[in-house]
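Worksheet: the structure to be examined is printed underneath.
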Amino acid sequence: MTDTIPSSAARSTTAALRPLLVADDRMFDEHRPRGYHPERPERLGAARRALFRAETAGIPTHRIAGRDATPEELSVAHDRAYVETLFALSGREARLDADTYVSARSVDAARRAAGSASALVESLIAAEHDAKVGLAIVRPPGHHATRDVGMGFCLFNNAAVAAYAALARGLQRVAIVDWDVHHGNGTQDIFWDDGRVLYLSLHQFPFYPGTGAAEEVGTGEGKGATVNVPLSAGANDATYSAAFHEIVEPVLHEFAPELIIVSAGFDAHERDPLASMRVSAQGFATMARSVARAAAASAKGRVAVLLEGGYDLGALEDSLFATLSALASGDGTHAPLPPLDEVAPSHRRDITDARKIAHRAFRSA
Ligand SMILES: [Zn+2]
């Protein structure tokens, strides 16, 4: 019976992309807290389970090697004195603040994390394996690290170092979309007056680290290239979907980045112990498809997803699996959106206010 043959035409329209993957570098396990800390090596075990599930589900990836960021690369995103201070802590234990530990190999891990994020971006720009999308599973996270301060579990700012790596390879405009539940004050700080890098963050607000109000829009050449979407607690898949549809996608369309880096924390998940959002694993997949859609318009589809936070191990595993599946399946133009009438009135106001302010800043820049 010929009519039982699956439609190859239908399949070819959703041809699987083969994401690049920087993962399973044992160096990232070497950043170890003394006693319990939510940002712990066990998070990588959750990531490995997600990758195993992806392999089992037939989701193909190309593994690429990470590398160490050089002092020169780190000193573009950070003050040289800060880089030297951290390098001097190599082999020692220290605390940068009450939350941010440094174990004997943490600085080595942080160098590898920033360098691996850069390696992923460089591979995408070079179109290695014809890949358009990729995922870097790294520790420690980076988005709270400012030019000269490590904080909030972060030592070097992986997304910022990777964005500079892209600029160094000739790209003119890079966007960083940060869906970690915390505001990436460090990334905002680094690109505050730099119009080449759009920083766009959705985060619980008010919340740690206290920054990320919609009125924070950047300055000088960077005015309008910082876009904050502060959301009150309880935001769900529909809230995020509406924010992506009404703010993230239009802003990306206007900015027309040549590469999109995602600061992908999964701590907006409903089971995360640190925050109070209600996002599901599928919610992250929806965000990934939205970014992929924007990247298809101006960035040759190039999306580099970097792991930031996410502290419930099961939620992290599920969310990483969903995100990788979404990346592998493309922009999902026909994927269903969550019902937008499930956006609470308070979140509707958050989105409307943030959209107006972003629009005004963009226009007046
Ligand atoms: Zn976070």
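The values are calculated or read from the model by the stated rules, or taken from the named source; none is laboratory data. In this text, all values refer to a predicted model and were calculated from it rather than measured experimentally. Methodologically, a virtual Cβ is constructed for each residue, glycine included, from the backbone with ideal geometry; neighbour enumeration extends over all protein chains shown. Just so you know, the surface numbers come from the protein's heavy atoms only, side chains and all, with ligands and any DNA or RNA stripped out. Shrake-Rupley method; radii C 1.70, N 1.55, O 1.52, S 1.80 Å.
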Dipole of segment 90-136, positive direction: furthest Cα of Ala113, Thr100, Ala126, with charges on the beta-carbon: Thr100
Shape metrics for segment 33-128, restricted to C-alpha atoms - Rg then Dmax, Å: 16.2, 47
Percent accessible area from carbon and sulfur atoms, segment 264-322, protein chains only, probe 1.4 Å: 47
Fraction of accessible area attributable to carbon and sulfur, segment 172-231 (%, probe 1.4 Å): 49
Amide H contacts under 5 Å for Ile261, placed H, 5+ residues apart: Ala175, Ile176, Val177, Ala304
Accessible surface, per residue, of segment 209-365 when the full set of protein chains is kept, probe 1.4 Å, Å²: 36
Derived scalar couplings ³J(HN,Hα) [segment 147-152; Karplus, 6.51 cos²θ - 1.76 cosθ + 1.60; whole Hz; x for Gly, Pro]: 4, 10, 9, x, 7, x
Straight-distance crosslink candidates among lysines, where the alpha carbon sits under 17 Å from Lys300 and sequence neighbours closer than 8 are dropped: Lys132
Alpha-carbon radius of gyration plus Dmax, which is the widest Cα pair, for segment 167-223 in Å: 11.7, 37
Overall Cα dimensions of segment 283-353, principal axis frame, Å, largest first: 34, 34, 22
Approximate spin-label separation His359-Arg26, in nm, with each point projected 7 Å along Cα-to-Cβ: 5.5
Most mobile listed residue (Ala88, Ala328, Ala109) in the chain, GNM with C-alpha springs under 10 Å: Ala88
Of Phe321, Phe205, Phe52, the one that fluctuates the most in a GNM where the chain has Cα springs shorter than 10 Å: Phe52
The chain - Rg over Rh from alpha carbon coordinates, Kirkwood radius: 0.95
Per residue, in Å², the accessible surface of segment 88-160 once ligands and nucleic acids are set aside, probe 1.4 Å: 30
For the chain, size of Cβ-based charge dipole, Lys and Arg +1, Asp and Glu -1, in debye: 460
Share of Cα-Cα pairs in segment 23-82 lying beyond 13 Å, as whole percent: 73
Neighbour net charge for Pro273 - beta-carbon separation under 10 angstrom, K R +1, D E -1: -2
